[in-house]
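Right, one structure below, let's go through it.
We did not get these values from a lab; they are worked out from the coordinates using the rules stated. Quick caveat: nothing in here was measured; it's all calculated off a predicted structure. Neighbour counts are summed over all protein chains in view; Cβ atoms, including those assigned to glycine, are modelled from backbone coordinates with ideal geometry.
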Amino acid sequence: MGAILFNSDVLKFDVTVGIDQFSFQVKAGSPFCGIKNLPDGLHVIHISSSSNDDGDGIRYGYWFQDSRGLYMRYDEESGMYQMSREPDDAKYERMLQLGSHLMVSFPKLDEANWLELTRFISYEQIETILDARYPYVDSSMTAMEESRVLNKRLRIPNDSTCKHFKYTEIHFKSPDAIRPNHEMQDYMDKSHYLNHVIVARDMRGHINRLLGELQFAFCNAMLFGNYGSSLQWHNIIELISFSSKLSLTFVERFDKVLALQLQTLPPEYTEALMNTEMWERCLTKSYQSNKLELTKKAYESKFDLEEENEEFESVARLETGTLPNIDSDYGDDIDENKPSVASGVYYVRP
């Protein structure tokens, strides 16, 4: 069992603290020293407060695996807690003993669910995507690609000091995804792009790493309300669903992962984080649609799949029926007059 300490100063403002799926509020004026009895494994600490004048604040936090020596120190200049590590084990043990009675115990009810939600995420993968000693996330962070495209359109230089997600770049209509002389095949079936580009090149040949990134993106979308992460979550779902050449074992894992995510996502987040049009296509029109039984049941508990699909088909009948320009989302940044976009899959924010 581990712990994560907070400095013992009395809080000057209300703070909502979360560990994994569990959160609680610490009122201004209350002493609070952290969270104890953490089970071994991967965790994320997330914090939001209303320390500024208008009462609004971002939700931010840190992913970690080894909690030994970890503590959160409040930084007056930034108005945020920053993660640090105490190298002296004896000193850290004394800090734990002194603050133990002012610490909140990790809730056992969340442990099993959290283990499944993060089963395929490796800490090494988190370090790669976040590229930081203490992997930091907040609600406003964008993907590296998203930021690069927007900066180019706005004609401002890239800021190397800004924190970004280095998610795997997925462009469904790029030269990597659409091979010469295979345009129709690769547009309809993304197997070549998935297996021979994304998995072979970006996942080091290990397809379960893609499930890890899927889970990581989902957790960042759900826990931080991060829009860029919800885009990547949808990107990966669409890539897998519209690939025909996948092992049954992998598809079964994918089905279980998606079903649990849908069951876990709070109803109030559904509209903000889910592109229902994409989900309808994946669950009714994709190569894997007949194999995603657990996901369909979980989805139907949130939506009426048959009714949504009828609405989707009625909209589709209004389209011209022509094949879209397969290079449209890859070459957009060369047209100065087109609207700014940030990623390869899009849906409307509420």
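Assorted remarks:
- Overall form of segment 2-116 per C-alpha gyration tensor (a/c, 1.5; a/b vs b/c): oblate
- Taking the empirical scaling 2.2 N^0.38 Å for compact globular proteins as reference, segment 210-288 has a Cα radius of gyration ratio of 1.04.
- Cβ-based exposure ranking for 216, 165, 172, in which fewest neighbours within 10 Å come first: 172, 165, 216
- For segment 218-223, 3J(HN,Hα) per residue [Karplus equation, 6.51 cos²θ - 1.76 cosθ + 1.60, θ = phi - 60°, Hz, x = Gly/Pro]: 4, 4, 5, 5, 6, 7
- Using R0 = 25 Å, the C-beta based FRET efficiency linking residue 74 and residue 116 works out to 0.15.
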